[in-house]
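Some notes on the structure that comes next.
The values are calculated or read from the model by the stated rules, or taken from the named source; none is laboratory data. Worth saying up front: this structure is predicted, and the values here are computed from it rather than measured. All Cβ positions, even for glycine, are placed from backbone atoms using ideal geometry, and neighbour counts span all protein chains on display. Quick note on the areas: whole protein, heavy atoms, side chains included, nothing else; ligands and nucleic acids left out. Shrake-Rupley method; radii C 1.70, N 1.55, O 1.52, S 1.80 Å.
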Amino acid sequence: MVVSPSEPVQTRLPTETPAVTPLVSIHQLSKSFPGVRALDGVSFDLCAGEVHALMGENGAGKSTLMKILAGVYRKDSGEILLDGQAVDITSPAHAQALAIGIIHQELHLMGHLTAAQNIFLGREPRKMGGLFLDEEQLNRDAQALFDRMHLALAPTTPIEELTVARQQMVEIAKALSHKSRVLIMDEPTAALNNAEIEDLFRIIRQLKGEGVGIVYISHKMDEIQRIADRITVMRDGTYIATVPASTPLPQVIAMMVGRNLEATEKHIPDTSANAVLLEVRGLNRGRAIRDVSFKVRRGEILGFAGLMGAGRTEVARAVFGADPVESGEVRVHGKLVRLNSPQDAVQAGIGYLSEDRKQFGLATGMDVESNITLPSLKRWLKWGVFLNRPAIHHISEQMVKKLRIKTPSLTQTAKLLSGGNQQKVVIAKWLVQDCDVLIFDEPTRGIDVGAKSEIYKLLNELAAQGRAIVVISSELPEVLHLSHRVLVMCEGRITGEVHGSEATQENLMALATRRETDAAAVH
């Protein structure tokens, strides 16, 4: 049974945990930005050798709190204690000097430099009286860090040649090079596959055993309960509670969202007689896309499942005209369309929400109103010359209200919105464009459980309105929850199709690992 968020919750570790002076104590911290009170009297503590998860919906204040601890922002009021002593952290360099490190969700590395050069950038060892860099010592120092982490990585490897997971390990090594006793990880597994997550967890457990205190920010509840000791929940910039990581999941969610999320029973409509809105025939592009064909009918949600590198995003980008193909056809409403660019796809009625909304989905430096109406700008011209500002404002207000986008105003810069609200802005612009076919690539990546619930509801509403929806997700539970029908890919091919009512994680995973040699053996 889900408890009410107003019910009392346990706010400390089990009694067998010894009482010690916390490594970090934060008391009644507050921070405001223009028009927004980001933190309001928040308290938090972290012990040495502890993984303390910080949870809350997007916009709850988690990242703001940690950026203050890391010296990125200055607090307005409140107190920070380090080993029981009050400190005023004035800059990131000051935080590093205090042995506080942070690994941001968006990694801050220089691709053309080596792993070792990135780790010691600005602090390189020198020789000959400081006249020359000591590259040999630089690489030895980096190797010592990698050895400590049991990480097989050459210090001389350029960052641009590393996977995201390996780049993240370099960020951890950089933090350890500052002898960090406090390590803040913000959504560390957002772009990692299962094997890479296990490798990260191994290093986290090792650091924990060495006495490093780790703050772990994530929306992935299963991960939190595996790796964390305690969970602190925030909501709307305020502290809600601190509970053991073993606390039942529904109780944690209720505290996060301030309400009990409604359990929606999955309904799969019969769309077999509906018109086909999107048809792809024999799509090919090297080994990334290999003879891919599928149909999506009006009112249907078609899911694409598969492991990283299976070719799902490549198919979506090809259908949207973002990447060229060697052969194949795309038909919309039964009509063959030539998709040489995304503009061609938009004109044909196809909208694409990229997995990287900040790079490809948003103009982050522009305001909410501009982002919502940018793709359909020609519709808002008077006499083909002047912008119809009242009409633009009206449709933007409608979208903000319809999608429940949390923003102080339509003039708010998009980059200042939470991840969930940024995603809603991207959805809004395609709704304004009135696309019949919508492709959602990782629609809830980096989004909290409350916003996920709203996105799921919205996708079902769009399908019920007669749109054809394609959903690509690396989270199998998400594919199962949303899809009426699921196509599974492996090595650029479609390896199977499963009706939503028959789909399970087991049969999807079996198809997702059905490599070409395995498929040939079956036949």
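Answer yes or no: is there a residue in the range 264-273 that is farther than 21 Å from Leu476 by Cα and either open to solvent by less than 10 Å² (accessible area, probe 1.4 Å) or touching a Cys at 6+ places or on another chain (Cβ under 6 Å) (or both).
Looking only at the range 264-273, we keep the residues that are farther than 21 Å from Leu476 by Cα, and these are 270-273.
Checking the rest, the ones that are also either open to solvent by less than 10 Å² (accessible area, probe 1.4 Å) or touching a Cys at 6+ places or on another chain (Cβ under 6 Å) (or both) come to none.
Within the range 264-273, none of the residues are farther than 21 Å from Leu476 by Cα and either open to solvent by less than 10 Å² (accessible area, probe 1.4 Å) or touching a Cys at 6+ places or on another chain (Cβ under 6 Å) (or both).
Total residues in the range 100-138 satisfying the condition of being under 24 Å from Tyr216 (Cβ atoms), of a type outside the set (S, T, N, Q) and not in a loop (DSSP other than H, G, I, E, B): the figure is 6.
Rundown of residues vs (1) open to solvent by less than 40 Å² (accessible area, probe 1.4 Å); (2) touching a residue at least 40 places away in the same chain (Cβ under 8 Å); (3) over 31 Å from the mean Cα position of the chain (by Cα), yes/no style:
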position	(1), (2), (3)
Ala93	no, no, no
His104	no, yes, no
His112	no, yes, no
Pro125	yes, no, yes
Glu135	no, no, yes
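Out of Asp141, Asp186, I need the residue that is in contact with a Pro (Cβ under 8 Å, 6 or more places away or on another chain), buried (at least 16 other Cβ atoms within 10 Å of the Cβ) and among the acidic types (Asp, Glu). Which one? Answer to the selection: Asp141.
Taking the conditions (1) closer than 19 Å to Ala228 by Cα; (2) modelled with pLDDT of 90 or more in turn, Ala115 satisfies each one other than (1).
Within the range 477-502, the set of residues being within 24 Å of Asp222 (Cβ to Cβ) and either among the basic types (Lys, Arg) or open to solvent by less than 20 Å² (accessible area, probe 1.4 Å) (or both) comprises Glu478, Val479, Leu482, Ser483, Val486, Val488, Met489, Cys490, Val498, Gly500.
Within the range 149-166, take every residue that is open to solvent by 40 Å² or more (accessible area, probe 1.4 Å) and among the polar types (S, T, N, Q) and give me the one that is nearest to Leu69 (Cα to Cα). Full working, then the answer.
Step one: filter the range 149-166 for residues open to solvent by 40 Å² or more (accessible area, probe 1.4 Å), giving 150, 152, 154, 156, 160-161, 163-164, 166.
Cutting the leftovers down to among the polar types (S, T, N, Q) gives us 156, 163.
Numbers: Thr156: 32, Thr163: 29 Å.
This residue is Thr163.
Remark: pairs (first residue in the range 305-318, of a type in the set (Asp, Glu); second residue at pLDDT 90 or above and outside any loop (DSSP other than H, G, I, E, B); Cβ separation under 6 Å; 6+ apart in sequence or on different chains) = Glu314/Ile289. Within the range 325-353, if we keep just the residues that are open to solvent by 40 Å² or more (accessible area, probe 1.4 Å) and assigned to a helix (DSSP H, G or I), the residue that is modelled with the highest pLDDT turns out to be Asp344.
The set of residues in the range 425-475 being among the hydroxyl-bearing types (Ser, Thr, Tyr) and either under 23 Å from Ala254 (Cβ atoms) or open to solvent by less than 10 Å² (accessible area, probe 1.4 Å) (or both) consists of Thr444, Ser453, Tyr456, Ser473.
What are the residues in the range 156-183 that are outside any helix (DSSP H, G or I), farther than 23 Å from His94 by Cα and modelled with pLDDT of 90 or more, if any? Residues satisfying the conditions are Thr156, Thr157, Pro158. Residues of the range 366-387 that are surrounded by fewer than 14 Cβ atoms within 10 Å (Cβ to Cβ) and not aliphatic (A, V, I, L, M): Lys378, Lys382, Trp383, Gly384, Phe386. Output yes when any residue across the range 49-60 is polar (S, T, N, Q), touching a residue at least 24 places away in the same chain (Cβ under 8 Å) and out of contact with any strand residue (DSSP E or B) (no Cβ under 9 Å at 6 or more places or on another chain), and no when none is. Yes, the range 49-60 has at least one match. When you go through Ala391, Ala363 one by one, which is the residue that is in a loop (DSSP other than H, G, I, E, B) and either surrounded by fewer than 12 Cβ atoms within 10 Å (Cβ to Cβ) or hydrophobic (A, V, I, L, M, F, W, C) (or both)? Every option except Ala363 fails the conditions.
With respect to Ile240, determine if the residue is at pLDDT 85 or above, open to solvent by less than 10 Å² (accessible area, probe 1.4 Å) and within 25 Å of the chain's Cα centre (by Cα).
Criteria not met by Ile240.
Applying the set (1) over 27 Å from Met489 (Cβ atoms); (2) open to solvent by 10 Å² or more (accessible area, probe 1.4 Å); (3) over 22 Å from the mean Cα position of the chain (by Cα) to Gln225 leaves exactly one unmet item: (3). Put simply, of Ala305, Ala322 the only residue that is touching a helix residue (DSSP H, G or I) at 6+ places or on another chain (Cβ under 6 Å), of a type in the set (Gly, Ala, Ser) and open to solvent by 30 Å² or more (accessible area, probe 1.4 Å) is Ala322.
Which of the residues belonging to the range 287-323 are small (Gly, Ala, Ser), in a loop (DSSP other than H, G, I, E, B) and farther than 21 Å from Trp430 by Cβ?
Our first condition is that a residue be small (Gly, Ala, Ser); within the range 287-323, this holds for 288, 293, 299, 303, 305-306, 309-311, 316, 318, 321-322.
Within this subset, residues satisfying the condition of being in a loop (DSSP other than H, G, I, E, B) are 288, 299, 306, 309-311, 321-322.
Within the range 287-323, Ala288, Gly306, Gly309, Ala310, Gly311 qualify.
Only a single criterion out of (1) open to solvent by 40 Å² or more (accessible area, probe 1.4 Å); (2) in contact (Cβ under 8 Å) with a residue 24 or more places away in the chain is not satisfied by Met169, namely (1).
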